[in-house]
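The structure appears right after this line, and notes come after that.
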Amino acid sequence: MTIRGLTVDQLLERAGNDDRRAVGRLLSLVERLGPEADQIAERTHASSNGAHVIGITGAPGAGKSTLVSAFVQHTVATGRRPAVLAVDPSSPLTGGAILGDRVRMADVDADTSGGAFIRSLATRGHAGGLALSIPGCVRVFDAVGYDPVIIETVGVGQVEVDVTAAADTTVVVVTPGMGDAVQANKAGLLEVADIFVVNKADQPGASDTRRDLELMLELSHVTGQEDSEYRPPILMTNSLDGDGIAEVHQAVLEHRVHLEATGTLDLRRMRRAGFEVRNRVQASFERRLDAALATASSSDMLSTVSSGALSPTEAAARLEAELLKATD
């Protein structure tokens, strides 16, 4: 399997020697899924360096991209090589994506002299592919020496579940005046947040937002995803001028130390492995199901269901039996 004359192994070798074009090609192959993506998954899994994976989520408009940009610049200044995987929403009609995160963070590469790598990943209107492409892209970054790997999400929907399952540390960003604290509670983000960031802290109501979060943490007795002794800190930032970014960086580092000291890091990574394995099996069965539904016999069966002569329950049972028989 070659891409423009280079095998996957050659691309990985070049990427490991800081060839950014090779990194980009590997990520593109992972996004497409298929045999090449599977080969990359095999190679990069064996070359893991244990990079710290940080998920950053929050409602649209919370300033996540600006926060990530400032965080990346601060991280590069400490001598590390961060990578950013920015998940952008796609049009539900055309499937196209603006890839605005890449545009908003375009100055990071220039400011950091190439020390950071930023990649946008389009949702293409669904989360199914992301369940495989997100961990695949993270593994590429990890294998070629980027650490930490930061995943920034669109802020809504199933993607948040995928990201929290793929991250070691989850940062939830809220802003004053948008009701984000209440929305975070409704969305269950209190349970997944390891660090809360109240961004745009110079705006009116920032202190109220922090107080609301503290109150909700008290009332819900949330003390961490797996560790009853850990309480998520609440930090105030103004990412436009960099206020509070150093504190967020320090909190992320301290959370990594805490995870390692308590054994929670291994637990989360084992859970991440289970999440990916499950999604891979599910994707395989879905492909087989789609192929089965495209056959003439399935079309006849669905017509029978539509006419009322066969129930959907019985039709599903028959199709499931055929799929299971095919796998025997």
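Go through the stretch 147-197 residue by residue and tally those that are small (Gly, Ala, Ser), at pLDDT below 70, within 18 Å of the chain's Cα centre (by Cα) and assigned to a loop (DSSP other than H, G, I, E, B). Break it down into steps so the answer makes sense when it comes.
Of the residues in the stretch 147-197, the ones small (Gly, Ala, Ser) are 155, 157, 165-167, 177, 179, 181, 184, 187-188, 193.
When the remaining residues are screened for being at pLDDT below 70, the result is 155, 157, 179, 181, 184, 187-188.
Among the residues that remain, those that are also within 18 Å of the chain's Cα centre (by Cα) are: 155, 157, 184, 187-188.
Those left that are additionally assigned to a loop (DSSP other than H, G, I, E, B): 155, 157, 187-188.
Residues in the stretch 147-197 being small (Gly, Ala, Ser), at pLDDT below 70, within 18 Å of the chain's Cα centre (by Cα) and assigned to a loop (DSSP other than H, G, I, E, B): 4 in total.
Read through the list (1) more than 28 Å from Phe71 (Cβ to Cβ); (2) in the same structural domain as Gly55 (by TED's automatic domain parsing); (3) of a type in the set (Gly, Ala, Ser), then give the number of the only condition that Ala251 fails.
(1)
Could you tell me whether the stretch 237-246 includes any residue that is assigned to a helix (DSSP H, G or I) and at pLDDT 90 or above? Explain how you work it out, then say what you get.
Taking the stretch 237-246 as the starting set, the residues that turn out to be assigned to a helix (DSSP H, G or I) are 245-246.
Next cut, at pLDDT 90 or above only: 245-246.
Among the residues of the stretch 237-246, at least one is assigned to a helix (DSSP H, G or I) and at pLDDT 90 or above, which makes the answer yes.
Could you grab me the full set of residues in the stretch 306-328 that are surrounded by 12 or more Cβ atoms within 10 Å (Cβ to Cβ) and over 39 Å from the mean Cα position of the chain (by Cα)?
Within the stretch 306-328, Leu310 is the sole residue that qualifies.
Considering every residue within the stretch 88-100, establish whether at least one is crowded, with 23+ Cβ neighbours inside 10 Å and either at pLDDT 50 or above or under 19 Å from Gly58 (Cβ atoms) (or both).
Filtering the stretch 88-100 for residues crowded, with 23+ Cβ neighbours inside 10 Å gives none.
For the stretch 88-100, residues crowded, with 23+ Cβ neighbours inside 10 Å and either at pLDDT 50 or above or under 19 Å from Gly58 (Cβ atoms) (or both): absent.
Got at least one residue in the stretch 275-298 being outside any helix (DSSP H, G or I) and not assigned by TED's automatic domain parsing to the domain that holds Gly136? So that I can check it myself, show each step before the final result.
Of all residues in the stretch 275-298, those outside any helix (DSSP H, G or I) come to 294-295.
So of that shortlist, the ones also not assigned by TED's automatic domain parsing to the domain that holds Gly136 come out as 294-295.
Checked the stretch 275-298: at least one residue is outside any helix (DSSP H, G or I) and not assigned by TED's automatic domain parsing to the domain that holds Gly136.
Return the residues of the stretch 55-65 that are modelled with pLDDT of 85 or more and under 17 Å from Gly177 (Cβ atoms); say none if nothing qualifies. Spell out how you get there, then give the answer.
Going residue by residue through the stretch 55-65, those that are modelled with pLDDT of 85 or more are 55-57, 63-65.
Residues satisfying the conditions are Gly63, Lys64.
Select, from Leu310, Leu259, Leu302, the only residue that is under 24 Å from Gly136 (Cα atoms), modelled with pLDDT of 90 or more and either touching a helix residue (DSSP H, G or I) at 6+ places or on another chain (Cβ under 9 Å) or assigned to a helix (DSSP H, G or I) (or both).
Numbers: Leu310 fails: under 24 Å from Gly136 (Cα atoms); Leu302 fails: under 24 Å from Gly136 (Cα atoms).
Criteria check complete, one pass: Leu259.
Any idea which residue in the stretch 211-222 is modelled with the lowest pLDDT, counting only those that are surrounded by 13 or more Cβ atoms within 10 Å (Cβ to Cβ) and within 24 Å of Ala167 (Cα to Cα)?
For the stretch 211-222, the residue satisfying everything is Val222.
Listed here are the residues, each with its yes/no results for (1) closer than 30 Å to Val72 by Cα; (2) under 25 Å from the mean Cα position of the chain (by Cα).
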{"position": "Thr209", "(1), (2)": "yes, no"}
{"position": "Glu218", "(1), (2)": "no, no"}
{"position": "Glu229", "(1), (2)": "yes, no"}
{"position": "Ser239", "(1), (2)": "yes, yes"}
{"position": "Gly274", "(1), (2)": "yes, yes"}
{"position": "Leu289", "(1), (2)": "no, no"}
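Return yes or no: is Ser28 modelled with pLDDT under 90 and of a type in the set (Ser, Thr, Tyr)? Quick ask: steps written out before the conclusion?
Details: modelled with pLDDT under 90: no; of a type in the set (Ser, Thr, Tyr): yes.
Taking the combined requirement at face value, the residue does not satisfy it.
The values are calculated or read from the model by the stated rules, or taken from the named source; none is laboratory data. Treat the numbers as computed from the prediction; the structure is a model and nothing was measured. As a convention, Cβ positions derive from the backbone with ideal geometry for all residues, glycine included, and neighbour counts pool all protein chains shown.
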